[in-house]
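What follows is a short report on a single structure.
Laboratory data are not the source of any read-out in this text; all were calculated from the coordinates shown. Being a predicted model, the structure only gives us computed values, none of them experimental. Backbone-built Cβ (ideal geometry, glycine too); neighbour counts: all protein chains shown.
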Amino acid sequence: MNNTKPILGIFGGTFDPIHYGHLRCALHVQQACHLEQVRLMPCHLPAHRASPGVSAEQRADMVRLAIADYPQLALELLELQQHRPSYSAISLAQLALQYPEHQLAFILGMDAFNQFTRWHRWQQILQLADLIVCQRPEYQTLSAESQALLLHRQVQQAVDLQQPGKGRILVLDNPLHPISATELRHSLPELNACPAWLPPAVWNYIRLHKLYS
Ligand code: ATP
C-alpha cells in the first residue's frame with residue numbers, strides 16, 4: 001500500500017530582514033525535495049534580542065512581500081501569534097496536529113544544524129519531522145554532534161524523503177549564498193540603493209518605514 005503523504009517544509013528563522021539567502025534556499029528545497037509548499041515561520045524575539053524599531057509584524061510583512069511572487073512559499077504566523085518565545089519542537093507538534101495529511105520537513109542552514117543538539121527537546125523534533133539541511137558558506141564543517149546525528153539518520157537523496165517516515169536528515173548540495181541578515185543590518189544604514197541580496201520590495205519597505213537606520 002502506498003501511504004505517502006505530501007511534504008510540507010517548515011523554514012523557521014528570525015528573518016530580520018528576510019534576504020535572498022533565505023528565499024533562494026526555500027525555493028531550492030521546495031523544488032529539489034518535491035515539497036508541496038515551504039512555510040516560512042518567523043520566530044518571536046524577546047525584546048532584548050529584537051532589532052530596535054523593527055516589530056514582529058514588520059518582519060512578517062517583509063516575508064510576505066518577499067514571497068509574494070511564489071505560490072509555493074507561504075508565511076506561517078504560528079510563532080509570532082503566540083507573542084512569547086517558542087521552541088521548534090512545540091511549534092512542530094502544533095503543526096503536525098494542524099496538518100495531519102502531511103509529512104513535515106524542518107529546513108535549516110548548516111550553522112543552525114551544527115547547534116541542533118543544544119535545542120530544547122531536539123529529539124522530539126526528530127519524532128515529528130525530517131530535517132533538510134542547506135549548505136551555507138563559512139559553515140561547511142560539520143560539528144562532532146552533527147556527524148554523530150547523521151551516522152544513522154542521513155539519507156542521500158531527496159527522493160528518500162518521499163517514503164513515509166520521520167527523523168531522517170538530508171544534507172543538500174544547494175547553491176551557496178554568501179549573505180547573512182547580520183551583515184545586511186550592518187550595511188543597510190550606509191546604502192542608497194537596493195543591495196543585490198535584498199528583494200526590491202523588501203528594500204522599499206525598509207526605506208518607507210525607516211528600519212535598520
Ligand atoms: P544572522 O546573520 O543574523 O544570524 P540569519 O539569516 O542566519 O541571520 P535567520 O533569519 O534566523 O538568521 O536564519 C533562518 C534560517 O536560514 C537558519 O536556519 C539559517 O541557517 C538559514 N540561513 C540564513 N542565511 C542563509 C544563507 N545565506 N544560506 C543558507 N541558509 C541560510
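Quick rundown of the values:
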item: Amide H partners (placed H, <5 Å) of V155, local residues excluded; result: I169, L170, V171
item: Euclidean distance of C-alpha centroids, the stretch 69-102 and the stretch 167-213, integer Å; result: 22
item: Under-5 Å amide H pairs with G13, H placed in peptide plane, nonlocal only; result: M41, C43
item: Residues H83, H209, sorted so that the one with the fewest Cβ neighbours within 10 Å comes first; result: H83, H209
item: Potential lengthening between R118 and L208 on full extension [0.36 nm per residue; Cα-Cα distance subtracted]; result: 28.6 nm
item: HN-Hα J in Hz across the stretch 182-199 - Karplus 6.51, -1.76, 1.60, θ = phi - 60°, x for Gly and Pro; result: 4, 4, 4, 4, 5, 8, 3, x, 8, 8, 10, 9, 5, x, 4, 8, 10, x
item: Percent of Cα-Cα distances greater than 24 Å, calculated over the stretch 94-195; result: 35
item: Semi-axis lengths, Å, the stretch 7-179, gyration tensor of Cα atoms, sqrt of 5 times eigenvalues; result: 23, 18, 17
item: Top of H48, H34, H19 by mean-square fluctuation, Gaussian network on the chain, Cα under 10 Å; result: H48
item: Selected from C43, C33, C194 as most flexible by GNM, with the chain as the system and alpha-carbon contacts under 10 Å; result: C194
item: Electrostatic dipole magnitude of the chain [Cβ: Lys, Arg +1; Asp, Glu -1; Cα centre; debye, to 20]; result: 320
item: Cα-centre dipole for the stretch 138-203 with unit charges at Cβ (Lys and Arg positive, Asp and Glu negative), debye to 20; result: 300
item: Q163-R84 FRET efficiency (beta carbon distance; Förster radius 45 Å; 0.05 resolution); result: 0.80
item: Neighbour-count ranking [beta-carbon atoms within 10 angstrom, fewest first] of I7, I179; result: I179, I7
item: K5, K210 arranged by Cβ crowding within 10 Å, fewest neighbours leading; result: K210, K5
item: Neighbour-limited loop hits for GluC sites (Glu not before Pro), the stretch 52-120 (at most 14 other Cβ within 10 Å; DSSP other than H, G, I, E, B); result: E101
item: Pairwise label distance in nanometres, T182 with D69, each label 7 Å out on the Cα-Cβ vector; result: 3.0
item: Pair R49, H34: separation of 7 Å Cα→Cβ label points (nm); result: 3.6
item: Rounded to 5, the percent of DSSP beta bridges in the chain classed as antiparallel; result: 0
item: Equivalent-ellipsoid semi-axes of the stretch 43-93, from the Cα gyration tensor, Å, largest first; result: 20, 17, 7
